[in-house]
Amino acid sequence: MDNTLWGIHGGKTGDADTLFLKHKVIGLGWVAVPDLSDLPDDREAFKALVSQTYPDKTPTQVANNAGQLYRFVHEMAVGDLVAYPSKRDRRIHVGRVTGDYRYSAKPEPGYPHHRPVAWLGDFARTRFSQGALYEIGSALSFFQVKNYADEYDAALAGTTVGPAADAPAEVAREAGAIEQSTRDFVAKRLARELKGHPFAEFVGHLLNVMGYRTRVSPPGPDHGVDVVAYKDALGLEPPIIKVQVKSEEGTIGRPAVSQLYGMVEAGEYGLFVTLGGFKGTAAEFARSKANLRTMNGEEVVSLVLQHYDALDPRYKGLLPLRKVYVPEPLEDSDDEG
């Protein structure tokens, strides 16, 4: 492909669809940012303007936003191709940039930074490999398509690039990245929003949805036990589980785990739950006791995802997730014929 291929999004709900397809203009938001026509061809100038316009943004966010605006104004060239995945018709539209940057709040005030485009064709999403679909689904509003640009060239030419474009390894990496991003989100929300006693209440609720009845100690000194879990209605029949909970993200040492175990009587079990991890000596001590278990932050997140549908609405509100399906790479068959 001789010309650079860019990808652009039109909002989470496709609110720029009319501007893009009917008025043949692609646009970016950042409505508080004024006309960029007279801003110097200098990335630092763009960063300064974005930082001044959005003083609450972090340096990383400023660099990200300014970079997209800079590339839209100065790096995108007349003749370049652009791919737009429409959320309304579920097709990928491919066009050619026909003019330079211009600023206009009409006809769509939410997207005032414009580049005119001539649409060359639109294609079903099934026309592209899974890797190409992941790339065009970038979290950025405006980005360069690099890895699968040849598929768009082939689509315009009415040809294909062959089945190898599905790139199973790439699909696996992207699916893994989605899963890891979700796990990171859950871990951060738990750590930020449920510090101290609220996290003990959450652990109690998590044990509830796993089939246990629980009694959570009130705020204040808990004498080493935050939650007591049991199976029967009265809490008299074994197994009785005494749970110590730590919302900190640090590493728990052996003394803390040993202290919990000292509260565990014959016929009872101990469970130490933390959003952080355990030092080797702590983990080794727990493994040496048949009635003692540890649960680190990764394991807590796994249980949250496993039992998410049964969580109380207040916790779903704290951890807003939506179920999606991501493909796994197909394994090559060893069978012949």
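The values are calculated or read from the model by the stated rules, or taken from the named source; none is laboratory data. Note that the structure is a prediction, hence the values are computed from the model and not measured. Note: ideal-geometry Cβ built from the backbone for every residue, glycine included; neighbour counts use all protein chains shown. Areas reflect the complete protein model, heavy atoms only, side chains present, ligands, DNA and RNA absent. Shrake-Rupley method; radii C 1.70, N 1.55, O 1.52, S 1.80 Å.
Averaging the sequence gap over all C-alpha pairs within less than 8 Å and six or more residues apart, then dividing by the number of residues, gives the range 205-310 a relative contact order of 22 percent. Sort the range 72-164 into rounded, prolate or oblate with this rule: let a ≥ b ≥ c be the square roots of the eigenvalues of the Cα gyration tensor; rounded if a/c is under 1.5, and if a/c is not under 1.5, prolate when a/b is larger than b/c, oblate otherwise. Here the range 72-164 falls in the prolate category.
Counting 0.36 nm for each residue step from D15 to N64 and taking away their Cα separation leaves a gain of 15.4 nm. For the chain, the convex hull spanned by the alpha carbon atoms encloses 215 Å³ per residue. The residues packed around T60, meaning those with a beta-carbon under 15 Å from its beta-carbon, carry a net charge of +2 if Lys and Arg are +1 and Asp and Glu are -1.
For a straight C-alpha distance cut-off of 30 angstrom, the lysines reachable from K146 (same-chain residues fewer than eight places away being disregarded) are K12, K22, K24, K47, K57, K87, K323.
What the Cβ-Cβ distance of T251 and R314 gives, at R0 = 22 Å and to the nearest 0.05, is a FRET efficiency of 0.15. With K and R counted +1 and D and E -1, the other residues having a Cβ less than 14 Å from that of A229 yield a net charge of 0.
When H23, H197, H93 are compared by accessible area at a 1.4 angstrom probe, the order from most to least is H23, H197, H93. Using Cβ point charges alone (K and R +1, D and E -1), the dipole size of the chain about the Cα centre works out to roughly 1200 debye. Entry note, the chain: relative contact order of 13 percent, from Cα contacts under 8 Å with a spacing of 6+ residues. At full extension, L120 and R189 could sit 20.4 nm farther apart than now, given 0.36 nm per residue minus the alpha carbon distance. Here the range 20-72 is assigned +1 on the Cβ of each Lys and Arg and -1 on the Cβ of each Asp and Glu. Its dipole about the Cα centre then comes out at about 320 debye.
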